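**Student:** The structure follows.
Bear in mind that the values in this text are calculations on the coordinates, not laboratory data. These figures come from a predicted structure and were not determined experimentally. Don't worry about glycine lacking a Cβ; one is built from the backbone with ideal geometry, like all the others, and counts go over all protein chains shown.
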Amino acid sequence: MKKHYFINAGIIIYLFVGNIVPISAQETVEVDSLNNFTSTKSVSCKSHNFKFKEFLIPTTLFGLSALYVNTPCLITQKEKIQECISTDGKRKTYIDDYLQYSPMIAVYGLNALGVNGKHCFKDRTILLAMSYATMGIAVNSMKRIFKEKRPDSNARNSFPSGHTATVFMGAEFLYKEYSETKPYIGYIGYSVAVATGYLRIYNNRHYFNDVIAGACIGIMSTKFAYWLYPKIFKNVKCSQNATIIGAPYYTSQEIGLSVNVQF
């Protein structure tokens with residue numbers, strides 16, 4: 001009767017927790033196991049999901065920033081803000097020329113150190129290329145359309161900021177790769193992006209609306225690339241795919257489920 005009880009209990013646990021992944025070490029003394037099972041769980045990769053509100057906010061901010069290009073009262077306001085933040089080119093720093101690339105480089109550096117993101121080298125490289133191409137086309141198109149004069153020269157390619165678009169594109173790329181495992185890495189990337197945008201104003205290379213517009217384009221470019229990628233490449237692989245191998249067991253003293261998860 002006691003043996004029959006343990007067999008029934010083991011079967012019930014097998015059916016009830018077959019999809020749960022507790023991992024524990026068990027002694028291998030006098031253990032009888034029921035049938036093993038192998039299951040491949042394809043966990044959905046949230047980085048490729050499309051949410052309308054994720055595009056709505058950046059699109060709205062970009063539209064508001066564009067109003068500062070040719071609206072007289074807003075032009076006066078942005079020039080006053082420029083006077084408060086900018087050094088008028090007297091104390092320039094060139095660190096922003098290098099910071100703009102740091103978030104995207106960080107993705108490859110972290111992977112080289114064993115801190116893996118969601119995608120393999122091939123997938124993330126294609127995603128980065130798509131993001132960069134989308135950002136570059138959008139930025140250069142807007143520069144030709146708006147022809148806003150830079151605060152420190154007569155060049156009419158100020159709106160939007162290319163440096164800011166690049167760094168925010170990279171920050172979103174970094175965030176997408178690590179948001180569900182190590183989100184603080186993405187937050188650091190965005191901190192670098194904000195600092196880069198500030199330095200573009202500080203160095204008197206851009207107005208604040210140029211920076212906001214560039215940030216919006218950079219973020220949307222990466223989001224768009226991640227949404228489009230699985231529609232073009234059907235075999236996209238995220239690191240969340242897992243193979244679960246397990247076996248319920250019982251002994252004279254205990255019953256349980258031994259599970260091995262391979263990512």
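**Student:** Please find the FRET efficiency linking Tyr198 to Lys234, where r is the Cβ-Cβ separation and R0 is fixed at 30 Å, and quote it to the nearest 0.05.
**Tutor:** On the way: r = 41 Å, r/R0 = 1.38.
Using R0 = 30 Å, I get an efficiency of 0.15.
**Student:** Over 24 Å apart: what share of the alpha carbon pairs of the range 47-232 falls there, rounded to a whole percent?
**Tutor:** Numbers: 6396 of 17205 pairs.
Everything past 24 Å amounts to 37 percent.
**Student:** Something else: With 21 Å as the limit, write out which pairs from Lys118/Lys231; Lys78/Lys223; Lys147/Lys223 have Cα-Cα distances beyond it, or answer none. Intermediate results must be reported in sequence, preceding the final value.
**Tutor:** Working: Lys118/Lys231 17 Å; Lys78/Lys223 29 Å; Lys147/Lys223 26 Å.
Exceeds cut-off: Lys78/Lys223; Lys147/Lys223.
**Student:** If you don't mind, another one. Suppose the chain between Asp88 and Phe121 were pulled fully straight at 0.36 nm per residue; how much longer would it get relative to their current alpha carbon spacing? Each step should come with its number before you reach the end.
**Tutor:** Details: separation 33, 0.36 × 33 = 11.88 nm, distance 4.27 nm.
Additional length available on full extension: 7.6 nm.
**Student:** How large is the dipole of the range 47-232 about the Cα centre if only Lys and Arg carry +1 and Asp and Glu carry -1, each at its Cβ, rounded to the nearest 20 debye? Don't skip to the end; give the middle numbers.
**Tutor:** Values: 22 positive and 13 negative charges, 55 e Å.
Computed about the Cα centre, the dipole is about 260 debye.
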